[in-house]
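One structure is given below, encoded as structure tokens.
The values are calculated or read from the model by the stated rules, or taken from the named source; none is laboratory data. Worth saying up front: this structure is predicted, and the values here are computed from it rather than measured. Glycine also receives a Cβ, built like all others from the backbone with ideal geometry; neighbour counts cover every protein chain displayed.
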Amino acid sequence: MYKRILFSTCMTEYCGHVFTFVLNMAKENNAKLWIYHGLGRLNLNEEETNRKIAEAEAHVKEVYGNKLVDKALDDYMINVSDGDIVSEITKLARNAKIDVIVMGTATKSPIAAGEDIRVGPLGQVTTNTILWSPCPVLVVPPALVPGLTRR
């Protein structure tokens, strides 16, 4: 049973489908949910960085807020940060004593995204999170998302 769940999102439509999955999981387990969105390395001054983080937090709330209300899940946190995304995910998981990280696979081919082609369909962030995570990582495949699976 999972009591502390971390959902990592890149705010794509695919992540919206993964969020529906993780929201049901959190509700079924009566778990606290952390929603994490990484901005990457911004290389801005502190004031600009804080503004970007606040804007991103508001955007996360806008995108996922209605689903949280509809599911009556009020035990959640929204975390947004700059910096290396994988490092920030694993640091948050360690500090919050997360039981499981839930994330999706890449939705673009590595070549089209300009990433290392050795990463494969999982994507760079998911692959590295699996390697560095202090807890289990549950990867939701596109086959579980309507319209994203190949037939």
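Structural remarks
- Among the residues of segment 1-22, those identified as farther than 20 Å from residue 106 by Cβ and modelled with pLDDT of 95 or more are 2, 3, 4, 5.
- Residue-level analysis places residue 62 among those that are of a type outside the set (Phe, Trp, Tyr), surrounded by fewer than 16 Cβ atoms within 10 Å (Cβ to Cβ) and either within 19 Å of residue 133 (Cα to Cα) or at pLDDT 95 or above (or both).
- Pairing each residue of segment 65-79 that is touching a residue at least 24 places away in the same chain (Cβ under 8 Å) and aromatic (Phe, Trp, Tyr) with any residue that is in a helix (DSSP H, G or I) and surrounded by 13 or more Cβ atoms within 10 Å (Cβ to Cβ), provided the two are 6+ apart or on different chains, yields C-beta distances under 8 Å for 76/26; 76/68.
- Residues of segment 127-145 that turn out to be of a type in the set (Gly, Ala, Ser) and modelled with pLDDT under 90, as a count: 1
- Filtered residue count, segment 28-45, keeping only those that are under 23 Å from residue 90 (Cα atoms) and assigned to a helix (DSSP H, G or I): 1
- Residue satisfying all of: in segment 80-105; part of a loop (DSSP other than H, G, I, E, B) and touching a helix residue (DSSP H, G or I) at 6+ places or on another chain (Cβ under 6 Å); modelled with the highest pLDDT among these: 82
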